[in-house]
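The values are calculated or read from the model by the stated rules, or taken from the named source; none is laboratory data. This is a predicted model, so every value here is computed, not measured. Glycine also receives a Cβ, built like all others from the backbone with ideal geometry; neighbour counts cover every protein chain displayed.
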Amino acid sequence: MGINPTMYRIRLPALAIFFQFSMIVLFGVFVRYNDFSDPTLSYEKNLTGEGVAKNEFYFRYPSFQDVHVMIFIGFGFLMTFLKRYGFTSVGATFFLATFGIQWATLMQGWFWHLGPDGKIRVGVINMINADFCVGSVLIAFGALLGKTTPVQLLFMALPQITLYAVNEYIVLHLLRCNDAGGSMTIHTFGAYFGLAVSRVLYRPGLKDGHPKNGSVYHSDVFAMIGTIFLFLFWPSFNSAISAAGNDQHRASINTYYSLTASVVVTYAISSLTDKHGKLDMVHIQNATLAGGVAMGTAGEMMVTPYGSLIVGFIAGTISTLGFKYLSPLLASKLKIQDTCGIHNLHAMPGFIGGIVGAVTAATAPNSGTYGPGLTDTFPVLKEYPDRRIGGYQMAGTMVSMAMGLVGGTIVGFLLKLPIWDSPEDEECFQDESYWEVPGSDEEDHSPAPKDRNNQDFQMTIENSKVDS
Amino acid sequence: MGINPTMYRIRLPALAIFFQFSMIVLFGVFVRYNDFSDPTLSYEKNLTGEGVAKNEFYFRYPSFQDVHVMIFIGFGFLMTFLKRYGFTSVGATFFLATFGIQWATLMQGWFWHLGPDGKIRVGVINMINADFCVGSVLIAFGALLGKTTPVQLLFMALPQITLYAVNEYIVLHLLRCNDAGGSMTIHTFGAYFGLAVSRVLYRPGLKDGHPKNGSVYHSDVFAMIGTIFLFLFWPSFNSAISAAGNDQHRASINTYYSLTASVVVTYAISSLTDKHGKLDMVHIQNATLAGGVAMGTAGEMMVTPYGSLIVGFIAGTISTLGFKYLSPLLASKLKIQDTCGIHNLHAMPGFIGGIVGAVTAATAPNSGTYGPGLTDTFPVLKEYPDRRIGGYQMAGTMVSMAMGLVGGTIVGFLLKLPIWDSPEDEECFQDESYWEVPGSDEEDHSPAPKDRNNQDFQMTIENSKVDS
Amino acid sequence: MGINPTMYRIRLPALAIFFQFSMIVLFGVFVRYNDFSDPTLSYEKNLTGEGVAKNEFYFRYPSFQDVHVMIFIGFGFLMTFLKRYGFTSVGATFFLATFGIQWATLMQGWFWHLGPDGKIRVGVINMINADFCVGSVLIAFGALLGKTTPVQLLFMALPQITLYAVNEYIVLHLLRCNDAGGSMTIHTFGAYFGLAVSRVLYRPGLKDGHPKNGSVYHSDVFAMIGTIFLFLFWPSFNSAISAAGNDQHRASINTYYSLTASVVVTYAISSLTDKHGKLDMVHIQNATLAGGVAMGTAGEMMVTPYGSLIVGFIAGTISTLGFKYLSPLLASKLKIQDTCGIHNLHAMPGFIGGIVGAVTAATAPNSGTYGPGLTDTFPVLKEYPDRRIGGYQMAGTMVSMAMGLVGGTIVGFLLKLPIWDSPEDEECFQDESYWEVPGSDEEDHSPAPKDRNNQDFQMTIENSKVDS
């Protein structure tokens, strides 16, 4: 098979334009401004004394912008570590996420934000939730990085976003769990979804590595831009949709301290497990962030500052050890090729986050530490004061994992159909398959490198045509 | 002529220091804190119950910081795509914008913010407006990138900022148009100004290209930092000075969705118009953002979420097609050499934004969708309830274009005077003309590359002296 | 001696893990949520009408995030200018700062935020203050960049943070100075501390330079990411902990204008002092920011907009001249090897900031410009209306300098003990000493460069063993 440029030239634009037209129509039918962004509705609120300063915009918008940076700069640049795949890392993130935001607005709206008139009413909270949803798509993308075409990624994103909304509805609405920072719905679901897809799309030809599946000096520095911005804004991520006031405040504190512990311990374990005691950039770029992932559910709860350090310590340790010892085993034994190591950064820390949330929630009602604020943090207790919320939290974690694994397996088989022009092994991990790429030598003024790349590409194409 | 290093060494410092002294004197005479930043004035407000939380700082400052990032990181890094012009792209942005902010504070202050005592009273709103103004200078810089000296850019910026303030006064004060995100005053004015300057400074020697007018692999990744930050914070740009409350909220929503559509459609058209179906980095770095430009006027209006998608779709399509087909024609037929393609990203989408604003405003009074909030969004209707505001909006767009074209033409001829030491064609697109530049090979420890560059530079100078 | 990889492999992890365990225990004993993040305490406040919107989170959190970006992206990337030390620049910043934040929370808490029950109560204000404290550690790191191991840096950070908290207590609590943006406590203290350490650790072998103590083209562009983000968010840095309302507003305005002047003048002086009139990236990356440093004390005072321009003008001039003429003298005459030039960016501008603060404060009580807001800006005047606060400010500046010099000298001698495996001169300025480093050639698929680096490293180690 291999990438067929003629087909690709038709399919990508046709799909994107068809999608965009559909979105315009569906937004026209369903999407309206909400109480805080519509002048008719909000005007009355203002008159009754709520006032401009109480507009939800001012409580959420700075956090939204931080989340927005994480999705596009954070995830996008984190994946630029590959030596010849930086265009696709940032560029496919840009494409998938903007595409996904529109579909997520509709899916989450139909499940969650539907008014009595059948309209989806949007405001800053929908923008945060849509960004969250595409975050889970980008996590799954991390496992597949370098091995799928943009068209395949679109066809992974559409069902994943749909399932994300279903899972979110089950976990947050039916089970009424807390999951403000998405340990369960974003990280656990997204990572197991991606790992399942990657398992089905296993490539035996890559089992001994690929010459372009690696970094160069500057690509590793670019990736650190992604890492650091994810680290910086994770306190906003985990607090963005928590109840306003002390809940939001507390979620940011807990995430801040949890991350400091996961960073420190990642440096320790990375050095300890290297035979020369040297640090491994893969660990520093990724495992350092495990403390943010693992605080996604319990962040807004009374997990205490020292509890946050413990969570970060455990998550960072497991994540680093996963990169060092587990990833090779997953690839060789379970045939899961996980380019970015999402099992280590999102699956395991996300699952830990689900457990931490369950334990913290289970002890909440009798802890006395919430006082009269208990039902602010756990609104479900207003209606069901005796609910064993810890058990529900754990159920939510398991549902998220199951939805990810089953959904990812099904989508994986769909993406394996011979209609997709999946890249040949030798076409993997290189931007030349999808981009016009300039040379890399700054002093070189001849157009040779570009032509050479195209030539390589053409030869590959021709070879693959002969093969198929 | 060519760059004369001795003259350059005198002119740049002399101008900058003279300018800075003048600014200190003029600020001393005219600039004071405003009601929200002066303790005397604001203290009384606090006593009458307005309170600290109502300080405009808290409604605008996070948006200001986002705008600030767009101006310096967004515009600065967007222009680093050139292989050997990254220092000047970021560095001249840094210089021009800080220089321009001071002058803009005065010009906008004299026209707009003058108190009854003849003082300009500054607060966060002035900081946003000064940043907006230098944004239009940086847009014009995009057309000239690589072909002018920093001293020439300073002499372009001074009259452009002056004209910007005049145009802003006409459009916003006399015509009383809405233009919170500047489709008219920032993008249309700035782009046509820059294109007119570029037309006058046409260089026949560059009509067949220049070996350094192109990117290398890593310079394209640097440019994506600019693109993504512009994308991320554009919702803040278009809402930063809208009326607090639902207007500000709505402007951010509309811009968010408009941009998603322009990104998706840019990928589609970029692939469709390439003979191998490959994506072109130039399109992805630029045309993706057209949805933000085109939402600069109507963002705060009831353009509706699906209307925003339509605007983004149209703007992204026209912008990408412009890069592909129109830019070569402009260069060959109209002799407009537009290095960054500002005609495609700012001029056309800005003009579209003006039209969208006019149409949306025209339908506003009878639409019923604003309810009693109509005069919050369109304050002019308080005084003139029957004004046909759509027509005024369109007039504002045309005035902005005309001011840009006429002003740019005049300034272009001034910059063509033989006093400027304009760079020779072979000195274009290289940092070595203005910076001490290190080598590019990481392993190279010899100082040879640096010396070689200087030698080249000296030779060029000597040659040009012989020529002239 | 030289770096002993076996020792290093044991020491770094052992220290980090021991530290992290200790932090968990100490946080468990001492650290609790504060009134704004604890549901019990804040709930009552809400009932008494303070309301969610008055939670300190909403007045400080956006500023905190800006400060957070400055510490990790700003300082981290500013130091990536070295051609082969980018991993350590960003990576050691990441490690030191997360490590330091935990220790700073405790030290500052014990001195400042201890409740009547002996508990440290944390909220967003503690997060800002902890970030500030590690900022001073990163300033000191700048002088030592390339010449110390991560383990040495940890042992520098621990006593420095302790001393920082002591000095902060003396300056802000005992002397009751104003220093919201830390000209005295962050910049003056941190810089003189680092310079003193560097003096004691003087390396004669580096007096004629080092082949890797320099930049390459792309490393200079990476460094500009740090510079620009520091520039952008410095208004937040200097206003983050000022009194809410007009004080915070004014501090951001003053810093904004001060920085524009220091940028413009740095370009002028940089060009003027080069024999070809060319700009020097070292000046642009650093001296441009002097206006932010020098506004760290007086930012919240009535320094006036034109006063801010004057301060930026002076600070930028002195800083650029320092880089050009003073740094070589410090190295040759005083034997202070200052890799990043912190004497020029932090020591001198910080000291200037202290003087500006003293003068502005001295004139405040009788100026009449503060009106009834005088005691908001200078709370000490409530208790001691006749205090000569200018003198106290100057005393605070001198104390900060003295604490830095004395503390740094002592710590320097501790770091000179023969137990530390300090890198040999030839091991300096290269990531290979601490990191697994990939090759730098994008087209190179062989693992040769990496092996070569390791080989060099091994050879160095063996040589140094022979030597010692």
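Mind checking whether some residue in region A:135-146 is more than 10 Å from chain B (Cβ to nearest Cβ), closer than 19 Å to A:Ile241 by Cα and assigned to a helix (DSSP H, G or I)? Break it down into steps so the answer makes sense when it comes.
Step one: of region A:135-146, the residues more than 10 Å from chain B (Cβ to nearest Cβ) are A:135-146.
Right, trim to closer than 19 Å to A:Ile241 by Cα and you get A:135-136.
The next check asks that each one be assigned to a helix (DSSP H, G or I); those that pass are A:135-136.
The answer is yes; a qualifying residue exists.
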* **Where A:Gly205 falls short, out of the listed (1) farther than 27 Å from C:Val31 by Cβ; (2) in contact with an Asp or Glu (Cβ under 6 Å, 6 or more places away or on another chain); (3) surrounded by 24 or more Cβ atoms within 10 Å (Cβ to Cβ)** => (3)
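Could you list all residues from region C:257-280 that are in contact (Cβ under 8 Å) with a residue 24 or more places away in the chain and among the hydroxyl-bearing types (Ser, Thr, Tyr)?
Taking region C:257-280 and keeping what is in contact (Cβ under 8 Å) with a residue 24 or more places away in the chain, we get C:257-266, C:269-270, C:273, C:280.
Of everything in region C:257-280, those that are in contact (Cβ under 8 Å) with a residue 24 or more places away in the chain and among the hydroxyl-bearing types (Ser, Thr, Tyr) turn out to be C:Tyr257, C:Ser258, C:Thr260, C:Ser262, C:Thr266, C:Ser270, C:Thr273.
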* To do: Output the number of residues of region B:149-204 satisfying the condition of being assigned to a loop (DSSP other than H, G, I, E, B), at negative phi and not aromatic (Phe, Trp, Tyr).
  => 9
* To do: Could you give me the residue pairs with C-beta distances under 9 Å whose first residue belongs to region C:362-381 and is at the interface with another protein chain (Cβ under 10 Å from one of its Cβ atoms), whose second residue is surrounded by fewer than 14 Cβ atoms within 10 Å (Cβ to Cβ) and among the hydrophobic types (A, V, I, L, M, F, W, C) wherever it lies, and which are 6+ apart or on separate chains?
  => C:Pro372/B:Leu47
* Odd one out for B:Asp35, checked against (1) surrounded by 19 or more Cβ atoms within 10 Å (Cβ to Cβ); (2) more than 7 Å from every other protein chain (Cβ to nearest Cβ); (3) at pLDDT below 95 -> (1)
* To do: Taking A:Gln65 as the residue in question, decide whether it is part of a helix (DSSP H, G or I), out of contact with any strand residue (DSSP E or B) (no Cβ under 6 Å at 6 or more places or on another chain) and at the interface with another protein chain (Cβ under 8 Å from one of its Cβ atoms).
  => yes
* Structure fact -> The correct count of residues that are buried (at least 24 other Cβ atoms within 10 Å of the Cβ), of a type in the set (S, T, N, Q) and farther than 23 Å from A:Ala92 by Cα in region B:274-307 is 1
* Might you let me know whether region C:44-58 holds any residue that is of a type outside the set (Gly, Ala, Ser), buried (at least 24 other Cβ atoms within 10 Å of the Cβ) and either on the phi < 0 side of the Ramachandran plot or in a helix (DSSP H, G or I) (or both)? => yes
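Of the residues B:Thr304, B:Thr317, B:Thr297, B:Thr288, which single one is closer than 22 Å to B:Asn238 by Cα, in contact with an Asp or Glu (Cβ under 7 Å, 6 or more places away or on another chain) and among the hydroxyl-bearing types (Ser, Thr, Tyr)?
Working: B:Thr304 fails: in contact with an Asp or Glu (Cβ under 7 Å, 6 or more places away or on another chain); B:Thr317 fails: in contact with an Asp or Glu (Cβ under 7 Å, 6 or more places away or on another chain); B:Thr288 fails: in contact with an Asp or Glu (Cβ under 7 Å, 6 or more places away or on another chain).
Of B:Thr304, B:Thr317, B:Thr297, B:Thr288, the one residue that is closer than 22 Å to B:Asn238 by Cα, in contact with an Asp or Glu (Cβ under 7 Å, 6 or more places away or on another chain) and among the hydroxyl-bearing types (Ser, Thr, Tyr) is B:Thr297.
Please verify whether A:Leu163 is in contact (Cβ under 8 Å) with a residue 40 or more places away in the chain, touching a Phe, Trp or Tyr at 6+ places or on another chain (Cβ under 8 Å), farther than 24 Å from B:Ile310 by Cα and surrounded by fewer than 22 Cβ atoms within 10 Å (Cβ to Cβ), treating the condition exactly as stated. Walk me through how you get there before you give the answer.
Values: in contact (Cβ under 8 Å) with a residue 40 or more places away in the chain: yes; touching a Phe, Trp or Tyr at 6+ places or on another chain (Cβ under 8 Å): yes; farther than 24 Å from B:Ile310 by Cα: yes; surrounded by fewer than 22 Cβ atoms within 10 Å (Cβ to Cβ): yes.
Considered against the rule, which asks whether it is in contact (Cβ under 8 Å) with a residue 40 or more places away in the chain, touching a Phe, Trp or Tyr at 6+ places or on another chain (Cβ under 8 Å), farther than 24 Å from B:Ile310 by Cα and surrounded by fewer than 22 Cβ atoms within 10 Å (Cβ to Cβ), A:Leu163 comes out as yes.
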* Asked: Which of (1) in a loop (DSSP other than H, G, I, E, B); (2) farther than 23 Å from A:Thr185 by Cα; (3) not charged (D, E, K, R) is the odd one out, the single condition A:Pro372 does not satisfy?
  -> (1)
* Asked: Of all residues in region B:68-89, which are within 7 Å of another protein chain (Cβ to nearest Cβ) and under 25 Å from C:Ser63 (Cα atoms)?
  -> B:His68, B:Val69, B:Phe72, B:Ile73, B:Gly76
* Which of (1) among the hydrophobic types (A, V, I, L, M, F, W, C); (2) crowded, with 22+ Cβ neighbours inside 10 Å; (3) over 29 Å from A:Thr260 (Cα atoms) does A:Phe351 not meet, given it meets every other one? -> (3)
* Structure fact -> Reported set for region B:210-251 where residues are at the interface with chain A (Cβ under 7 Å from one of its Cβ atoms) and among the hydroxyl-bearing types (Ser, Thr, Tyr) is B:Ser215, B:Tyr217, B:Ser236
* Exclusive hit being within 11 Å of another protein chain (Cβ to nearest Cβ), among the hydroxyl-bearing types (Ser, Thr, Tyr) and free of Cβ contacts under 8 Å to residues at least 40 places away in the same chain, set C:Thr93, C:Thr98, C:Thr105, C:Thr149 -> C:Thr98
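Yes or no, residue by residue, for (1) under 18 Å from B:Thr260 (Cβ atoms); (2) among the β-branched types (Val, Ile, Thr):
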residue: A:Ala97; (1), (2): yes, no
residue: A:Ala104; (1), (2): yes, no
residue: A:Gly109; (1), (2): yes, no
residue: A:Val122; (1), (2): yes, yes
residue: A:Ile125; (1), (2): yes, yes
residue: A:Ile139; (1), (2): no, yes
residue: A:Gly142; (1), (2): no, no
residue: A:Leu145; (1), (2): no, no
residue: A:Pro150; (1), (2): yes, no
* To do: Check every one of the helices (runs of 4 or more DSSP H) wholly within region C:379-468 and list those with 2 or more residues that are modelled with pLDDT under 90.
  => C:448-467
* To do: Just give me the residues in region C:110-126 being surrounded by 24 or more Cβ atoms within 10 Å (Cβ to Cβ), assigned to a helix (DSSP H, G or I) and out of contact with any Asp or Glu (no Cβ under 9 Å at 6 or more places or on another chain), in sequence order.
  => C:Asn126
* Evaluate the following for C:Thr40: is it without any contact (Cβ under 8 Å) to a residue 40 or more places away in the chain, at the interface with another protein chain (Cβ under 7 Å from one of its Cβ atoms) and surrounded by fewer than 24 Cβ atoms within 10 Å (Cβ to Cβ)? => yes
